[in-house]
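Quick notes on the structure that follows.
The values are calculated or read from the model by the stated rules, or taken from the named source; none is laboratory data. Note that this is a predicted model, so its numbers are computed, not measured.
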Amino acid sequence: MRTISQRELRNESGEIMRQVQRGAQFRVTSRGTPIAVLAPIGRSVADELALREGTQRMVFPRGISSTESTESILAELRGDR
């Protein structure tokens, strides 16, 4: 995993994001202190959930369903409950 500064991320964001799309991971530092990891999104079921724009209805992968509200599901995914 390559370490980059916050400034480098800001100045070279386009190229860095292209590398992330290809699978690269970056540790981002601010004044030498690690503050974040930039990595491709995993393909878990949670990542497959999508909110239909304007409808407030969740679209689930085939075979997955829920009777919970969209708000409740999103709160669980964020760790709010």
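Here residue 7 clears all of (1) modelled with pLDDT of 95 or more; (2) part of a loop (DSSP other than H, G, I, E, B); (3) basic (Lys, Arg) except the condition numbered (2). Could you list all residues from the stretch 20-54 that are part of a helix (DSSP H, G or I) and either hydrophobic (A, V, I, L, M, F, W, C) or modelled with pLDDT of 95 or more (or both)? Correct list: 20, 45, 46.
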